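The values are calculated or read from the model by the stated rules, or taken from the named source; none is laboratory data. Predicted model only: the values in this text are computed from it and were never measured. As a convention, Cβ positions derive from the backbone with ideal geometry for all residues, glycine included, and neighbour counts pool all protein chains shown. Ligands, DNA and RNA are stripped out before the accessible areas are found, and what is left, the full protein with its side chains, is counted by its heavy atoms. Shrake-Rupley method; radii C 1.70, N 1.55, O 1.52, S 1.80 Å.
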Amino acid sequence: MPHQLTHYSALTLDGLLPRDVWVWTPPAYHIHPEDRLPVIYMHDGQNLFVPEKSYSHVTWGVAEVMTRLSHWGFIRSAIVVGIDNTENRFSDYLPAKPFDTSEGKAVLEKFEQEDPETFHNFSISSDAYLQLIVEVIKPLIDRNFRTRVGQKDTMIMGSSMGGLISFYALTEHPHVFGGAGCFSTHWPILGGLTLPYLREHLPMAGKHRVYFDYGTEGYDAEYEPYQRAVDAVMREKGFSPGVDWLTRHAPGADHHEIAWRSRLHVALRFLLGKGDR
């Protein structure tokens, strides 16, 4: 659906590499020119819409899934903003705050010892990346499109490290993002830093909706114990399964766009379901 894609090139902020942004507007946006729509910000924008741009030549099928679900009346139509990654993807998507503690600094030192080529003089740029979204990209989208600008209508979504940065966006900018979709969240990179950070920074339930999932193959095979521990913190914070938080287990699913595409409808129905907001 190329006619529904708007392209912004080389958006950047100090400390970040420039990246392209792709804005997909659903059919309802053009059919009903008076309506304002929610917005989902998605990471790894190359993998969302155009197979030729995707690393695996398979997209998430966002436009197709969103169009079908809204046509069938299962979800509210939404604008999707795909934010391309760069060669600094790992640094951009790795949550910074968990590493600000003495325990976190020790983990970074261990990373450097194990992989000096990657981690010598390594700096985490995720706070700047979220600043780019909140202070540059979102205002640009809100100026140029008919958006619902409030927190409850602003969501963020991604997979693997993109799942991590989506959840981090919600904890660090809870007044901006009302929902997060976290597919195959790569919790192992944070290890023992995850739970202390979440207990301190995750807002209490009441104004947010969070979707998690994980498979059982490839990288996903490691995720279940980490996700179960995170689920326990969600309960501590008052989140209710199926109400404002959902964790989906996908037996047999691998760490791949095909798997995330197959579960996208579940996340969208949970975050954008009609009558829920």
| task | Residue by residue through segment 87-109, note down the ones that are within 16 Å of the chain's Cα centre (by Cα) and either among the aromatic types (F, W, Y) or part of a helix (DSSP H, G or I) (or both). | result | R89, F90, S91, D92, Y93
| query | Taking segment 13-33 on its own, how many of its residues are open to solvent by 60 Å² or more (accessible area, probe 1.4 Å) and modelled with pLDDT under 95? | reply | 6
| task | Collect the residues in segment 86-121 that are surrounded by fewer than 15 Cβ atoms within 10 Å (Cβ to Cβ) and either under 26 Å from L272 (Cβ atoms) or of a type in the set (G, A, S) (or both), keeping them in residue-number order. | result | S102, A106
| task | Check L37 against each of (1) at pLDDT 95 or above; (2) within 16 Å of the chain's Cα centre (by Cα) and name the one condition it does not meet. | result | (2)
| query | Filtering segment 142-165 down to residues that are over 17 Å from the mean Cα position of the chain (by Cα) and closer than 22 Å to H208 by Cβ, which residue is least open to solvent (accessible area, probe 1.4 Å)? | reply | T147
| said: Test of understanding: among E112, E135, which residue is assigned to a helix (DSSP H, G or I) and at pLDDT below 95? | reply: E112
| task | Have a look at I75, I83, I124 and point out the one that is open to solvent by 30 Å² or more (accessible area, probe 1.4 Å) and modelled with pLDDT of 90 or more. | result | I124
| query | Would a scan of segment 202-223 turn up a residue that is surrounded by fewer than 20 Cβ atoms within 10 Å (Cβ to Cβ), free of Cβ contacts under 8 Å to residues at least 24 places away in the same chain and of a type outside the set (D, E)? | reply | yes
| task | Return a yes/no flag: does segment 137-148 have any residue that is aliphatic (A, V, I, L, M) and either free of Cβ contacts under 8 Å to residues at least 40 places away in the same chain or in contact with a His (Cβ under 8 Å, 6 or more places away or on another chain) (or both). | result | no
| message | Which residue is farthest from L108 (Cα to Cα), if the candidates are limited to segment 189-222 and must be among the aromatic types (F, W, Y) and touching a Gly at 6+ places or on another chain (Cβ under 8 Å)? | response | Y211
| note | Picking from P251, P188, the residue that is in contact (Cβ under 8 Å) with a residue 12 or more places away in the chain, open to solvent by 10 Å² or more (accessible area, probe 1.4 Å) and assigned to a helix (DSSP H, G or I) would be P188
| said: Could you check segment 258-274 and list, in sequence order, the residues that are closer than 15 Å to G218 by Cβ and over 15 Å from the mean Cα position of the chain (by Cα)? | reply: I258, A259, S262
| task | Looking at (1) open to solvent by less than 20 Å² (accessible area, probe 1.4 Å); (2) of a type in the set (G, A, S); (3) without any contact (Cβ under 8 Å) to a residue 12 or more places away in the chain, find the lone condition where A10 falls short. | result | (1)
